[in-house]
Amino acid sequence: MAEVKRPDGRKKDELRDFSGEVGIIPNADGSAKYKSGDTIAVAAVYGPKKMHPQHQQDPEKGVLRCTYNMNSFSVDDRIRPAPSRRSKEISQIVEWALEPVLLIDDFPNTVIDVHVNIIQADAGTRCAAINAASMALAHAGIPMKDMVSSIAAGKLDKTVVMDLNKEEEDFEEGEGPTDIPISLTQKGEITHLQLDGKISKEQLKEAIEMSKKVCKDIYKEQRRALKDFVKQEE
Amino acid sequence: MDEEKTPKITAERIKKYLENGKRFDERKLDEFRELTIETGVSKKAEGSVKVKLGKTEVIVGVKMAVGEPYPDSGDKGNLMVTAELLPLSSGRIELGPPKIDSIELGRVIDRGIRESGFLDMEKLCIKENEKVWTLFVDIYSINDDGNLLDAAGIGAYTALKLAKIPKYDEKEDKVLYGEPDKDLPLTDKNPIVTTIYKIENSLVVDPTREEEDVAEARITIGSSDKSISSIQKGGSEPFTTEEISNALDIAENKWTELFKNLDKQLKKQK
């Protein structure tokens, strides 16, 4: 089976240049930036703080509340700044992706707000958002049992590839593109999985295994950024 | 932790300091914090910039699209300036539809640019009464440590200065984003807004968050060199005529200072 040639010449499991940085928003309790190629996400954490409105308080544990939004000028055709149906769904997805690693039972009636803003978009924005948010939560000192690392896996025609860019998302040959954004803990638990396209069971498993491998590298970068920040503070 | 307004005890101390002509960070009353700009924040924008005033940070992007003109100005392009005060930038900003402060911010910056004559709107007309360029200037706060107004004004002005009109395929009615064609039709009436804040009997510029909280009133003056093109007085305390006159003098000096500073930084980044 002929492998697809990726438009930018990357190997199938090769990521775009990626990097993380923490402590970028002084007002926030925790903040981070995550870049993958031309996709840039910034995240800020505020809390734990008292939950308003009161009826949303949970007397048994803290609540994680995520909001994802794209800047109007992060894409070619300007998007209206107000939250869209898409951004609301992704906000929920980000929340679900991160909640499993948080140890916030000890913060009843509080909320931890995570705000993620996409400054520049070239596909894989929800994954960049999750990577940035995960780092920002750790930077804020929220008790966590693991980190979450996320990758925009996919399939172009018949080949499983990692970290799709916009050009690849619009791929038109053969079976076309399949998007498989996936988020993993270091233990290998899947906290987020979505799929759009067409794929066999076997190839989906292959995509998950490959994602596990590359997420280890993303995790290393997330950890490096956090450690460097601590060093810098000392 | 809930973010509260500056505590009374700090407010009193700020006022005490100002009585002696001093500020916490040792700046003069009419001295700005360090201003830095970084261009090209988003490749997807036709022009974009990050502005830092001390710890205050905003990003501004210009997008362009081809659309219909307004019926009363069929031979002119459109300009839309909006501001989003992101909850990401401060623990005080709540989620939800834009509130009055972000609406006012966008409108004040809009007038500062529009009224200065910086943009030659007629040159943004493609076909009279049918097709014109629409410019969207969108301002996002990233970290609010006071004086978002001036940071936003500086950002809007520099983003427009950097913006390039993309190619437009008239037959297909398609804007070819990512293919810059020409500069915007700009004049030499460079608009910069300066806001002067009143704290008791003192007038200060570029307040930190704490100082802005203590301010009883403000006046935003949009000018291009010696000519004033927009004013907005905000806050419920009045100004005396003398104070207004002093504020105008401060704004004039600051315009010159900021213009030179920005010009130098822009040349370096090009």
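Quick notes on this one:
- Taking the DSSP beta bridges with both ends in chain A, the antiparallel portion is around 85 percent.
- Loop-located GluC sites (Glu not before Pro) across the range A:54-133 with a Cβ neighbour count of 14 or fewer within 10 Å are A:Glu60, with loop assigned by DSSP.
- Low-density loop positions, trypsin sites (Lys or Arg not before Pro), the range B:120-222 - DSSP coil, at most 10 other Cβ in 10 Å: B:Lys171
- Relative contact order for chain B, counting Cα pairs under 8 Å that sit 6 or more residues apart, in percent: 20
- Surface accessible to a 1.4 Å probe, A:Ser200 within the full protein complex, Å²: 50
- Inverse of mean 1/r across different Cα pairs in the range B:1-96, Kirkwood, Å: 17.7
- Straight Cα distances below 23 angstrom link B:Lys171 to the lysines B:Lys63, B:Lys76, B:Lys123, B:Lys127, B:Lys131, B:Lys182, with same-chain residues fewer than 8 positions distant left out.
- Average accessible area per residue (Å²) across the range A:59-200 - probe 1.4 Å, nucleic acids and ligands excluded: 39
- Pairs from the list B:Lys50/B:Lys161; B:Lys99/B:Lys254; B:Lys55/B:Lys268; A:Lys35/B:Lys43; B:Lys44/B:Lys268; A:Lys35/A:Lys220 with a Cα-Cα gap above 18 Å: B:Lys99/B:Lys254; B:Lys55/B:Lys268; B:Lys44/B:Lys268.
- Spin-label zone in the range B:65-101 - amide nitrogen under 19 Å from a point set 7 Å from the Cα of B:Lys127 along the C-beta vector: B:65-78
- In percent, rounded to a whole number, the relative contact order of the range A:18-223 is 22, using alpha-carbon pairs under 8 Å and six or more apart.
- Surface calculation, 1.4 Å probe, protein heavy atoms: A:His139 sits at approximately 40 Å² accessible.
- Look at the stretch A:109-122: the mean tally of other chain Cβ atoms within 10 Å of its residues' Cβ atoms is 3.
- The range A:118-234: projected area of the alpha-carbon convex hull, averaged over directions, in nm²: 7.8
- Computed over the Cα atoms of the range A:18-223, pair by distinct pair, the Kirkwood hydrodynamic radius stands at 17.3 angstrom.
- The protein assembly as shown: C-alpha gyration tensor shape, a/c 1.5 cut-off, then a/b vs b/c: oblate
- If you model chain B as an ellipsoid using its alpha carbon gyration tensor, with each semi-axis the square root of five times an eigenvalue, the axes come out at 35, 19, 17 Å, biggest first.
- Only protein heavy atoms count here, probed at 1.4 Å, and on that basis chains A and B bury about 2600 Å² of accessible area in total.
- The 1.4 Å probe gives accessible areas that order A:Cys127, B:Cys125, largest first, as B:Cys125, A:Cys127.
- Peptide B:35-45, shielding by other chains (average Cβ, 10 Å cutoff): 4
- Gaussian network model of chain A, Cα within-10 Å springs - most flexible of A:Gly141, A:Gly154, A:Gly30: A:Gly141
- Counting charges near A:Leu204 (Lys, Arg +1; Asp, Glu -1) among other residues having Cβ under 14 Å from its Cβ returns a value of 0.
- Chain B - accessible surface per residue (Å², probe 1.4 Å): 49
- Shielding value for B:53-59 is 2, the average number of Cβ atoms from other chains within 10 Å of each residue's Cβ.
- Reachable lysines from A:Lys50, criterion Cα separation under 17 angstrom, eight or more residues apart if same chain: A:Lys61, B:Lys5
- Largest GNM mean-square fluctuation among A:Lys158, A:Lys212, A:Lys11, using chain A with Cα springs under 10 Å: A:Lys11.
- Surface share of carbon and sulfur [accessible, 1.4 angstrom probe, percent] for the protein assembly as shown: 47
- Once the partner protein chains are put back, the range B:135-165 shows a loss of at least 50 square angstrom of accessible area, versus the chain by itself, at B:Tyr140, B:Asn143 (probe 1.4 Å, ligands and nucleic acids excluded).
- Annotation: extensible slack from B:Glu19 through B:Lys174 equals 49.8 nm (criterion: 0.36 nm per residue apart, minus Cα-Cα distance).
- For the range B:125-249, the fraction of C-alpha pairs more than 20 angstrom apart is 57%.
The values are calculated or read from the model by the stated rules, or taken from the named source; none is laboratory data. Note that this is a predicted model, so its numbers are computed, not measured. Because the Cβ atoms are built from the backbone with ideal geometry, glycine has one as well, and the counts that use them run over all protein chains shown. These accessible areas exclude ligands, DNA and RNA; they are computed on the full protein's heavy atoms, side chains included. Shrake-Rupley method; radii C 1.70, N 1.55, O 1.52, S 1.80 Å.
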